[in-house]
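The structure appears below as structure tokens.
Just so you know, all these numbers are worked out from the coordinates, no wet-lab data involved. Please read all numbers here as calculations on a predicted model, not as lab measurements. Heads up, the Cβs are rebuilt from the backbone with ideal geometry, glycines too, and the neighbour counts pull from every protein chain shown.
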Amino acid sequence: MAIVALVSASGSPGVTTTALGLALLWPRPVMLVEADPTGGSGLLAGYFRGTREYDSGLIELALTASNLSDALADVARPIEGTHVSFVAGTRSHTQASALRDLWAPLAETLGDLEATGQDVVVDAGRLGLNGSPEPLLDTADLALLVSRTTLPALSALRSWADALRRPSLDWHQSGVVLVAEGQPYGAREVASVVNLPVLASLPDDPDSAAVFSRGAPPPKRFETGPLARALHAAIATIHSTITHRRTELLEGARS
Ligand SMILES: Nc1ncnc2c1ncn2[C@@H]1O[C@H](COP(=O)(O)OP(=O)(O)O)[C@@H](O)[C@H]1O
Ligand SMILES: [Mg+2]
């Protein structure tokens, strides 16, 4: 499929949870990149509950003198028992500026992974932070703004939606993923105030979300529960959205 980047406009709506949930249910090998400039790996401290030590990640990638795709293979770590590998983010926000010159070449290297049958999910954290991985968002086939549906969340979403819609990037698409849709506003109401399509809606499912966000034990019927079902549906929509856009672009190029 390609590169999908997730980002938020405000607060902590569930970007890391959703990015990891998508990666773990992804139908093909996938690399999850923790590009949130806030620092402190959400995966190591959250999903792995600190049981897994940081050994290398984006900082080592930024400092490498070797070929970037070889270095990427060196720093990526498998999540055992899955077809997900991940690249750990910075340990502190103070390291974020050291990554500034990494994002553009990394975006290109990640794009090349598709030829090896690997897709990429990027956790880009919150928009507007110092050290934000904007080149990754620009290069992504699909940039997804993750948001809750409260009034303050929608107000921030509307203000950032324009920043994500870049007409100059014609292969690029963006959309919204709603977390806890219907609390209180629904997808249709959100789409009418934000000039972006709502591509996926995830239910409020705190017990399942806690598995991804802090390594909690899975609740009963986790694999077929509301969050898992919605994530599967989101993956199908992401796939068809990217495929459709690529077909359009190919046809446009031919005519
Ligand atoms: N679909 C969901 N339903 C209920 N709670 C969720 C959902 N997605 C995320 N959460 C919860 O929201 C909180 C913030 O999630 P996190 O992924 O860390 O947000 P962010 O990466 O945007 O800061 C966590 O407690 C997480 O368990
Ligand atoms: Mg996060």
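Scanning region 224-255 for residues that are part of a helix (DSSP H, G or I), in contact with a helix residue (DSSP H, G or I) (Cβ under 9 Å, 6 or more places away or on another chain) and more than 15 Å from A19 (Cα to Cα) yields a single hit, P226. Within region 9-30, the set of residues being surrounded by fewer than 23 Cβ atoms within 10 Å (Cβ to Cβ) and within 13 Å of ligand 1 (Cβ to nearest atom) comprises S10, G11, S12. Condition test on S192, is it within 18 Å of the chain's Cα centre (by Cα) and over 16 Å from T17 (Cα atoms)? No. For beta carbons closer than 8 Å, sequence separation of 6+ or different chains, a first residue in region 1-15 that is more than 22 Å from D162 (Cβ to Cβ) and a second that is within 6 Å of ligand 1 (Cβ to nearest atom) and of a type outside the set (A, V, I, L, M), the qualifying pairs are G14/S213.
Selection of region 84-104 for residues being in contact (Cβ under 8 Å) with a residue 60 or more places away in the chain and of a type outside the set (A, V, I, L, M) yields F86, W103. In summary, L20 fulfils each of the numbered conditions (1) away from ligand 2 (no atom under 13 Å from the Cβ); (2) within 30 Å of T150 (Cα to Cα) with the single exception of condition (1).
Surrounded by 14 or more Cβ atoms within 10 Å (Cβ to Cβ) and not aromatic (F, W, Y): is that true of L249 in this structure?
Working: surrounded by 14 or more Cβ atoms within 10 Å (Cβ to Cβ): no; not aromatic (F, W, Y): yes.
So L249 fails the test.
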